[in-house]
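Student: One structure, as structure tokens, below. Some questions next.
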There are 4 protein chains.
Amino acid sequence: MNAFGRVFRMQIFGESHGASVGLVIDGCPAGLPLSQEDFLKDIERRKGGIQKGTTPRKEDDLPIFKSGIFNGKTTGAPIAIFFENNNTKSQDYEKHRAVPRPGHADFTAHHKYGGHEDFRGGGHFSGRLTVCLVAAGVIAKKLLSQHQIQVQANIESIAGEPDIEAGLQKAIAAKDSVGGIVSCRTSGLPIGLGEHFFDSVESLISHAVFAIPAVKGIEFGAGFAAATMFGTEHNDAIMDATGKTKTNHSGGVVGGITNGNDLFYRIVVKPTSSTPKEQSSLNWETNEVEKFSIKGRHDLCIALRVPVVLEAVTAMVLTDLMLLEQKMKRTI
Amino acid sequence: MNAFGRVFRMQIFGESHGASVGLVIDGCPAGLPLSQEDFLKDIERRKGGIQKGTTPRKEDDLPIFKSGIFNGKTTGAPIAIFFENNNTKSQDYEKHRAVPRPGHADFTAHHKYGGHEDFRGGGHFSGRLTVCLVAAGVIAKKLLSQHQIQVQANIESIAGEPDIEAGLQKAIAAKDSVGGIVSCRTSGLPIGLGEHFFDSVESLISHAVFAIPAVKGIEFGAGFAAATMFGTEHNDAIMDATGKTKTNHSGGVVGGITNGNDLFYRIVVKPTSSTPKEQSSLNWETNEVEKFSIKGRHDLCIALRVPVVLEAVTAMVLTDLMLLEQKMKRTI
Amino acid sequence: MNAFGRVFRMQIFGESHGASVGLVIDGCPAGLPLSQEDFLKDIERRKGGIQKGTTPRKEDDLPIFKSGIFNGKTTGAPIAIFFENNNTKSQDYEKHRAVPRPGHADFTAHHKYGGHEDFRGGGHFSGRLTVCLVAAGVIAKKLLSQHQIQVQANIESIAGEPDIEAGLQKAIAAKDSVGGIVSCRTSGLPIGLGEHFFDSVESLISHAVFAIPAVKGIEFGAGFAAATMFGTEHNDAIMDATGKTKTNHSGGVVGGITNGNDLFYRIVVKPTSSTPKEQSSLNWETNEVEKFSIKGRHDLCIALRVPVVLEAVTAMVLTDLMLLEQKMKRTI
Amino acid sequence: MNAFGRVFRMQIFGESHGASVGLVIDGCPAGLPLSQEDFLKDIERRKGGIQKGTTPRKEDDLPIFKSGIFNGKTTGAPIAIFFENNNTKSQDYEKHRAVPRPGHADFTAHHKYGGHEDFRGGGHFSGRLTVCLVAAGVIAKKLLSQHQIQVQANIESIAGEPDIEAGLQKAIAAKDSVGGIVSCRTSGLPIGLGEHFFDSVESLISHAVFAIPAVKGIEFGAGFAAATMFGTEHNDAIMDATGKTKTNHSGGVVGGITNGNDLFYRIVVKPTSSTPKEQSSLNWETNEVEKFSIKGRHDLCIALRVPVVLEAVTAMVLTDLMLLEQKMKRTI
């Protein structure tokens, strides 16, 4: 499934080198003002070409509204948005067809879809699809901001260095790619979002977060550090009737439910699978392992593009829960 | 929602100190032999009283079959199983009603349900409910074992110590509780389980895993260590046509899809929120922060009980995907 | 799936001659007073033995609350309710095993579940399961009544006779079973329930209604009579700002959405498949068509039991929509 | 929700006078050959301008593939298809804004979406959206035909006349619109599709069918006629091991499950709400009931366009069940 959400639900589609990528949002509240301009900043944040370490591919990523918006506002009907793929170079990819790139979905997709998958540039598995998540995030964040809820993701480290440039320098020096840590903090949340067990906030957030390619781990609050803490140390003492706690080791979620403190979590982004360096993989035609290197444009560190995507999926989950919990109206 | 799964779907119910806890499994293949005996070992693994560090509460946790089993086999109709609550001491809990225990759902549940929640012993939020997950896991693991798929979880460390006894000793010495790390490895999986984006294996596994109380983080394969690896180092080179890779930094999932290697992930379990030590929390009647300590039986380290629960939710997700992907039949 | 609903969701389980039947309701608002007494009237309405034409089977159908109710009120956690099966005579059924009863699920269930199904008394396919629907309906109707919404089903005709006794007399005279028409009217609904296309009120109501065994047709408002009406005749003229219409040919739903008038629909219930009369069917052991007659207790007219079940599924759907549309609170 | 299906799932979007309408199909098996040509015949069947009684609006309804198709075959990734809206005349509609047209969603949509809905030509509620259903149906029918399953819908009567021309003549003579009856027959189905209770074939088919605007009733097999039949008369005697029955009063579904006979049902389509004749409705600005007549192009009898749409939703449900029941592969 390429869809997620109970009330505020998104469906994505598209391939890296196909005609376009896009999304449909079903269940968006009616009456939200929405224009192309609302999307530009976040799409820019996600784009390559800004920072050292991201790919020089230039995309004119203008969201094209196809439905659900009328007189500059959402109507309550499904919102379809698409993004054209204008700047693709498929020939770079086709020659590697018989050699599944390590770390990419080439091998698994080939097996799963019987060789019918669109393999050009990763096809449907491409990071290109994250522009659809970003677009949904713009809408979700705009809805949340009307309730004074702010979602903010930041890079915590690249290649182990809190200084981003220093981290990227490692990649450049090694002619390789590097990974990173990204955190996400949401403030202004009401107490009571999330449900016990299978719809816990951690369950839903992690479900959505692992939809982002290259994410391999998530931790809430103190996270893995809790393994070496004592109970009295980890427990967050409640200080007043608003639920404000002295510490926030829980990351703002207790019993699967928001407790009125900041929702905070961290993720790890693996190093970009495509690197300039020579690698080995099986050639499934010759059935021999061969060496090869990947040409073309690729990010040294995909983590740099992730913060805005992380905000997007977080906002999407929280909007859904706000609607479900009736803390956000279905018509503005 | 207290339900999860698309084809193999479970619904849980019950409270720690209510009449019973239980589960309904909808979509279980017909024809699987099933008896009470199948459940005993895993229920025993989950129970307190075995190891130092787990609570002395004795529960006669015999699964009572209410439907869906006929002549010793599953029928294809919903399987209802319940567990009676025989050994509960509610009075221990009621006196703390006005003081939400830090780290527990007392405060969040109170707000979410307007004070109507069953607060005795954590009510529906209690770890007691994990016996329902374990029961579903027994069925799912039995189904998977017919396909030579084995799910095995292990404690990796307690309080930072690979030696469990040493870790527990820390808790005893400090008169406090401690956390731990648990890993889960599944072997024998076919290539091709999981779907791109929102139903990635990582998305579904993490969704289910965060339904287990006290879990605060998850990482697949190299996990957070990937943050400081180079791409060529992290990439798992494919060695032969079965998809066998030289390393398994991806944890057996690439592009959200199983790649034929072991599915491997680690989780962190926070220290038990209830500890023998004095703590502070708000009294919501007096509106003042007061000191209190929790009497009664409690685990020094809840992580000790988690492996069998982790296996259960993992098996549940994988069974669902096996059915969806038509690699497991709906009638045996 | 034996589950239905998005926010207010029910899961049913059980077999006619198994240990019990029951249901779990997930997503019920917290704080609704609920006692066994609330259920007695509707369970009585559904029971046999009251009217000529219904089976003499006596069932002590007391709902046993297993979870989700505390201090006499719903808690917001899943509500599990069981009904024990005390009065079953399986031996009546087993001798017919090789001869699938026409009109029953014997043949289809046998094929679908590879012979593993519980065939005693129809097993999971039995009308016995409708007691679970009735129980969910009691809760849903109680919730709706707090919003002045009333759901009322009535028998319109039996065997074509508006006089019920006359209709049943036809069955008795023919030593056969008969069908009937039942209608359901809901008053007090707000404008705006239901969603365009796949979650239209007609879609959801009919989905739930066809879960009731023996229902073979449904029509909203003028229904099939609309086939011979002119547009200006069928259209309901809006008379005032509340949406009150001069006629109600639409049955209270326009564009899939409630329009503030009574929701009205009719269903047809086929004659009971089991009749005292001799019938023919294939013996799947001898592979020959043979004559047989069904002994034991059976309803002459199952339609007599349907009104309370119809109210139940209608109330269930409407409660779900009221919650989704935020016209009913999640905590009372 | 504008989405439906569990494995083979469709999401629709668009408005009558917006930029476009379209659909996304998630879960379509990989490897199905698919070209624009596959769609032309069914889109033509749905179009106006062919038969007396349908609107003269000319639409160049060419499906534009946006994703999920590569080298002429489905890839297993979501299939997005758009239809441009080229030939719209919004000005015809805007002048009626304050007077909700009886029988249309104008009033209900206005209330539900707080006046934010796109009201031009019915907006998202327009019959225009059925082209999306038709497109999904083309794909589903092509999948089913590989299993020798054929879905065929026919007009049974218009305005009560089995002769279509005679029925339409009634409308023309009265300068009004008329309704009709449409039936749908599916042959070649395996035994065992559908699930007990909430996912009965009748539940799923009716759910999907009532997503078609103007449908107000559905009956399976003998349908409403069963109300006056005896049990022995209605029961379909099984004749051989394939499940072939002597009669087909059940419409091919027993216990919610297909029995190997033709799936057969009938629906009623109400007369087109827009008619050339003068009507009355409330003007919600003046709050007075006023007379008005609807100009512009409109169908005399919308039922004429329905057969191909009915086939489409039927095929969609059956494809979903074939996949779920593992009788259709996920990769061709």
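The values are calculated or read from the model by the stated rules, or taken from the named source; none is laboratory data. All values reported here derive from a predicted model rather than from experimental measurement. Neighbour counts are summed over all protein chains in view; Cβ atoms, including those assigned to glycine, are modelled from backbone coordinates with ideal geometry. Ligands, DNA and RNA are excluded from the accessible area calculation, which covers all protein heavy atoms including side chains. Shrake-Rupley method; radii C 1.70, N 1.55, O 1.52, S 1.80 Å.
Student: For residue D:175, go 7 angstrom from Cα along the Cα-to-Cβ vector, then report the distances to that same point in the other copies in nm, smallest first.
Tutor: Relative to the other copies, residue D:175 has label-point distances of 6.3, 8.5, 9.6 nm.
Student: Can you bin segment B:61-220 into rounded, prolate or oblate? Criterion: square roots of the alpha carbon gyration tensor eigenvalues sorted a ≥ b ≥ c, rounded for a/c under 1.5, prolate for a/b above b/c, oblate for the rest.
Tutor: Note, shape of segment B:61-220 comes out oblate.
Student: Next question. Report, for residue A:71, each distance to the same residue's label point in the other copies, shortest first and in nm; define the point 7 Å along Cα→Cβ.
Tutor: 4.8, 5.1, 6.7
Student: Check residue C:254: other-chain or 5+ apart residues with amide H under 5 Å from its amide H, H built from backbone geometry?
Tutor: Sorted by chain and number, the residues that satisfy this are C:259.
Student: Which values, in whole Å and largest first, are the semi-axes of the equivalent ellipsoid of segment B:145-300 obtained as the square root of 5 times each eigenvalue of the Cα gyration tensor? Write out the running numbers ahead of the final one.
Tutor: On the way: eigenvalues 300, 61, 45 Å².
Working from the Cα gyration tensor, I get semi-axes of 39, 17, 15 Å.
Student: While we're here: Would you work out what percent of the accessible area of segment D:3-324, with all protein chains in place, is carbon or sulfur (probe 1.4 Å)?
Tutor: Values: 4810 of 9660 Å².
Its accessible area is 50 percent carbon and sulfur atoms.
Student: Then there is this: Just reorder D:278, B:285 by solvent-accessible area, largest first, 1.4 Å probe, all chains present.
Tutor: Greatest to least solvent exposure: B:285, D:278.
Student: Which one of C:64, C:12, C:43 has the biggest mean-square fluctuation once chain C is modelled by GNM with Cα springs under 10 Å?
Tutor: Largest GNM mean-square fluctuation: C:64.
Student: Excluding residue A:291 itself, calculate the net charge of residues whose Cβ lies under 12 Å from the Cβ of residue A:291, where each Lys or Arg counts +1 and each Asp or Glu counts -1.
Tutor: Every neighbour counted, the sum reads -2.
Student: Counting only protein heavy atoms, probe 1.4 Å: which residues of segment A:104-139 lose 30 Å² or more of accessible surface in the full assembly compared with their chain by itself?
Tutor: Hits at the 30 Å² cut-off: A:107, A:108, A:111, A:112, A:113, A:116, A:118, A:124, A:125.
Student: For segment C:3-324, what is the accessible area per residue in Å², given a 1.4 Å probe and the full set of protein chains?
Tutor: I get 30 Å² per residue for segment C:3-324.
Student: Report the closest approach of any chain A C-beta to the axis of the A-to-D rotation: residue and distance, in whole angstrom.
Tutor: Checking which Cβ lies nearest the axis yields A:11, 2.
Student: Ratio of the protein assembly as shown's C-alpha Rg to 2.2 N^0.38 Å, to two decimals?
Tutor: Normalised by 2.2 N^0.38 Å, the Cα Rg of the protein assembly as shown equals 0.90.
Student: Can you give me the long-range amide H partners of residue B:283? Hydrogens built in the peptide plane at 1.01 Å from N, cutoff under 5 Å, separation of 5 or more residues or another chain.
Tutor: Correct list: B:288, B:289, B:290.
Student: How charged is the neighbourhood of residue D:207? Take every other residue with its Cβ under 10 Å from the Cβ of residue D:207, and add Lys/Arg as +1 and Asp/Glu as -1.
Tutor: Neighbourhood net charge equals -4.
Student: Would you work out which of A:200, A:256, A:105 lies farthest towards the positive end of the dipole of segment A:3-324, given +1 charges on the beta-carbon of Lys and Arg and -1 on that of Asp and Glu, about the Cα centre?
Tutor: Checking the options against the dipole of segment A:3-324, the answer is A:105.
Student: Please state the relative contact order of chain A as a whole percent: Cα pairs under 8 Å, 6+ residues apart?
Tutor: 23 percent
Student: Also, quick follow-up: Helix D:164-174 sits at what angle to the longest principal axis of chain D, using alpha carbons and giving 0 to 90 degrees rounded to 10?
Tutor: 20 degrees
Student: Quick check: the distance between the Cα centres of segment D:255-332 and segment A:255-290, to the nearest angstrom?
Tutor: 46 Å
Student: While we're on this one: Starting from the amide H of residue A:177, placed 1.01 Å from N in the peptide plane, find each other amide H under 5 Å away whose residue is 5 or more places distant or on another chain.
Tutor: Those qualifying (amide H under 5 Å, at least 5 residues apart or on another chain) are B:231, B:232.
Student: Cα-based Rg of segment C:3-324 per 2.2 N^0.38 Å, rounded to two decimals?
Tutor: 1.05
Student: Also, quick follow-up: Shortest first and in nm with one decimal, please list how far the residue A:237 label point sits from its counterparts in the other copies (point 7 Å along Cα→Cβ).
Tutor: Spelled out, the distances from residue A:237's label point are 5.6, 7.4, 8.4 nm.
Student: Using alpha carbons only, how many degrees (0 to 90, rounded to 10) separate the axis of helix D:306-324 from the longest principal axis of chain D?
Tutor: 40 degrees
Student: While we're looking at this one, here's another question. So, in Å, what gap is there between the alpha-carbon centers of segment D:58-82 and segment D:165-237?
Tutor: Using only Cα atoms, the two centres lie 31 Å from each other.
Student: Compute for chains C and B the buried accessible surface, both sides summed, probe 1.4 Å, and express it in Å² to the nearest 100.
Tutor: That pair of chains buries around 3100 Å² in total.
Student: So, one more: Spelling out what I want: for every residue of segment C:186-192, take phi, set θ = phi - 60°, compute 6.51 cos²θ - 1.76 cosθ + 1.60 (Karplus), and round to whole Hz; glycine and proline get x.
Tutor: 10, 10, x, 6, x, 6, x
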